[in-house]
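The next block holds one structure in the form of structure tokens; read it before the comments.
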Amino acid sequence: MAGSLAASAFFPGPGPSPATSVRSSKNSAGELPDNLSVRGIAATPNPPPRAMQVKAQAQALPKVNGTKVNHKGMGHDNEETVPHSAPKTFYNQLPDWSIILAAVTTIFLAAEKQWTLLDWKPKRPDMLVDTFGFGRIIQDGLVFRQNFLIRSYEIGADRTASIETLMNHLQETALNHVKTAGLLGDGFGATPEMSKRNLIWVVSKIQLAVEQYPSWGDMVQVDTWVAASGKNGMRRDWHVRDYNSGRTILRATSIWVMMNKKTRRLSKMPEEVRAEIGPYFNSRSAITDEQSEKLAKPGNKIDGGSTKQFIRKGLTPRWSDLDVNQHVNNVKYIGWILESAPISILEKHELASMTLDYRKECGRDSVLQSLTAVTGDCATTDGDQGAVAIQCDHLLQLESGADIVKARTEWRPKGGLRFEAESF
């Protein structure tokens, strides 16, 4: 019943056709033949059903010289009118053309809007490449490249991008690399085979060297690639350049291992996962002089030099500090580490290099403390801090005593000379 109503609403039912209207409006002389429609095309009416034809033939009265003659046995001279439906043509079976025209117009307008958006070109020439920052795979599929515009809320008191901003760019390109390659599962950078086994990536070590800091409005270009690290690990490297000048901004390398999402224990790399990511391995290294020595804890003397201790307690993660794997994002650790750095260093120096050794994950209910040990001349001659390089050892740990992250940072005076970057 519902289907019949829907069909009748979309396709008009039998009714007077244009040919019928024309015939009724003409005189007996006939300006139009009876078998022509308004278009001048012969309209052949559809024959009525077979049962109706038989009934009509049985009840039709024969005529002799124009006079009706009754059949034998029939009592009354009457003629029954046979119902006849209007001829069905292609025209009167189509839906309302105004609806179709409105739908087609809507589709064309939407397509034109999308095409205009894709064909948009910015006025700034440094934004012509990778306009929307989606990124792309280059160099035979082994390197992923993405551009970032430094925004006003990503710079600090020095009018340059913070180290957290640059680290967020590294993390974003790593995830977009996996996504663009078609290897993104339902985890934070996990591949489909990893998702089947409840495995996730966790960072074990990061080492970076910063040669210059971009300013507000600068465009940075980030290249990233992956390689094998031992039997069960993966190395990911980054090379960040200034888009206009091509000068190196930052180089970084990192080691990642697998963890079971449910048991929170480290896991070996399954062969199925190795088969997924193996074709993307690139042996190139962003940092050739990787930090291999063991990081010292704050409080230990290094090379007999004097040290000065700084501590910041009561650090707790917020809900926004957690990632989709329900542990604190590794970039947040950097901010906590620098919480205990002396303000005199932050004012007169800029971070030149950093090595982070991740020991344990941090949950949302953790309470941490940050410790910093400043080594060298800075520890004893505060008035001359702006003229020397400084090295610091950092420790981020739970207040219960478990180590979360150990780190080492090197600082150079602001405005100091940068070494020229090696070309890749």
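Given 0.36 nm per residue, what is the gain on full extension from LEU322 to LYS360 after removing their alpha carbon distance, in nm?
Working: separation 38, 0.36 × 38 = 13.68 nm, distance 1.47 nm.
Taking LEU322 through LYS360 to full extension adds about 12.2 nm, to one decimal.
Rounded to two decimals, what is Rg over Rh for region 98-290 when you use alpha-carbon atoms and the Kirkwood radius? Don't skip to the answer; put the middle values down first.
On the way: Rg = 20.1 Å, Rh = 18.8 Å.
Rounded to two decimals, Rg/Rh equals 1.07.
Placing unit charges on C-beta atoms (Lys and Arg positive, Asp and Glu negative, everything else neutral), compute the dipole magnitude of region 98-290 about its Cα centre in debye, rounded to 20. Present the calculation step by step, with values, prior to reporting the outcome.
Numbers: 25 positive and 21 negative charges, 119 e Å.
The calculation lands at about 580 debye.
Taking 0.36 nm per residue of sequence separation and subtracting the Cα-Cα distance, how much length would be gained by fully extending the chain between ARG151 and GLN139, in nm to one decimal? Provide the component values of the computation, followed by the final result.
Values: separation 12, 0.36 × 12 = 4.32 nm, distance 2.87 nm.
Result for the pair: 1.4 nm of gain on full extension.
Quick one: if the Förster radius is 45 Å, what FRET efficiency do LEU266 and ARG159 give, using the C-beta to C-beta distance and rounding to 0.05?
On the way: r = 42 Å, r/R0 = 0.93.
For LEU266 and ARG159, the calculated efficiency is 0.60.
Note on GLN309 and SER285: the extension gain reaches 5.2 nm, defined as 0.36 nm multiplied by sequence separation minus the Cα-Cα distance.
Under the criterion of Cα pairs below 8 Å and six or more residues apart, the relative contact order for region 98-290 equals 20 percent.
Only the coordinates and a few stated rules stand behind these numbers; no lab work does. No experiment lies behind these values; they were computed from the predicted model shown. Every residue, glycine among them, receives a Cβ derived from its backbone with ideal geometry; neighbour counts consider all protein chains shown.
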